[in-house]
Amino acid sequence: MILLSDEFTDLAIHDGVMRTHIFRPAAEGQFPGVVLFSEIYQVTAPIRRLAAFIAGHGYVVAVPEVYHEYETPGTVLAYDQPGTERGNALKIEKPVAGYDADARAVLDYLATHPSCNGRLATAGVCLGGHLALRGALDPRVAAAACFYPTDVHGGTLGQGKSDDTLARLAELKAQALFVWGRQDPHVPFAGREVIRARLEAVEARYEWHEVNGAHAFLRDEGYRYDPELFVQTTGWMLSLFARVLRR
């Protein structure tokens, strides 16, 4: 599909505006909506390409700037040491309630977007994988694709490095996909086991994949990118979305 990939809207939020980038098919009609949450670097070129990839399969994709309270609209952090330090610092400076409010605002926007049919999903990588999981606690969300979500096992997201994601998984009604890199130091085997045990305890509807990949293997810049794993694992995501959002 031809995409209109250069759109954005500044959503009114409690403390100002949250720039949200929209990727959607140019074709007539309505499509399911996906909120794509980024890494700590915000809406980088690899995130934009991932959003366009999803949209090209027939979805309206909204990508919010997760640090809108702290950075001017359009800010992209570099994939270098200063950018990493800034992103990691903001990740634990922002209150968890702020992340949740952002998710509600983007879901509200997508639900009423003229190109969206009201069927909603979330997706995300790294920090965004965690935010996709929290966003899927909203009962409007039918599916969630969480790629190597960080901080879930330790409950260390947000201000005070204290979140309640594991505790709230009993609220998860969406069908979830989890994809992990076995060589990812950010979520070791013991941490993955904590998450999976909790999903089992609450009888969540989920699928679970562990692959031989490093952290950020989906990011199509840098030495950790694995194009074969990109094709394989995003295929699982597209299969989930097609099964849940198009039935």
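Scanning segment 77-115 for residues that are without any contact (Cβ under 8 Å) to a residue 24 or more places away in the chain and within 22 Å of residue 34 (Cβ to Cβ) gives 108, 112.
Of all residues in segment 158-203, those that are within 26 Å of residue 94 (Cβ to Cβ), out of contact with any Pro (no Cβ under 9 Å at 6 or more places or on another chain), hydrophobic (A, V, I, L, M, F, W, C) and not in a strand (DSSP E or B) total 7. You will find that of 74, 33, the residue that is part of a strand (DSSP E or B), in contact with a Lys or Arg (Cβ under 9 Å, 6 or more places away or on another chain) and in contact (Cβ under 8 Å) with a residue 40 or more places away in the chain is 33 and no other. Close Cβ contacts (under 6 Å, 6 or more residues apart or on different chains) running from residues in segment 49-64 that are in a loop (DSSP other than H, G, I, E, B) to residues that are crowded, with 18+ Cβ neighbours inside 10 Å and of a type in the set (Phe, Trp, Tyr) comprise 58/31; 59/31.
Checking each residue in segment 91-124 for being acidic (Asp, Glu) and within 15 Å of residue 21 (Cβ to Cβ) picks out only 102. Within segment 22-48, being surrounded by 23 or more Cβ atoms within 10 Å (Cβ to Cβ), under 30 Å from residue 223 (Cα atoms) and not hydrophobic (A, V, I, L, M, F, W, C) holds for 24, 38, 39, 41, 42. The lone criterion from (1) free of Cβ contacts under 8 Å to residues at least 60 places away in the same chain; (2) surrounded by fewer than 12 Cβ atoms within 10 Å (Cβ to Cβ); (3) not in a helix (DSSP H, G or I) left unmet by residue 222 is number (1).
Could you list, in sequence order, all residues of segment 18-30 that are part of a strand (DSSP E or B) and out of contact with any Ser or Thr (no Cβ under 6 Å at 6 or more places or on another chain)?
18, 19, 21, 22, 25
Among the numbered conditions (1) farther than 23 Å from residue 140 by Cα; (2) touching a Ser or Thr at 6+ places or on another chain (Cβ under 9 Å); (3) in a helix (DSSP H, G or I), the only one that residue 89 does not meet is (2).
Rule-based calculations on the coordinates, nothing more; no lab input. All of these numbers come straight from a predicted model, not from anything done at the bench. Glycine gets a Cβ as well: all are built from the backbone with ideal geometry, and neighbour counts include every protein chain shown.
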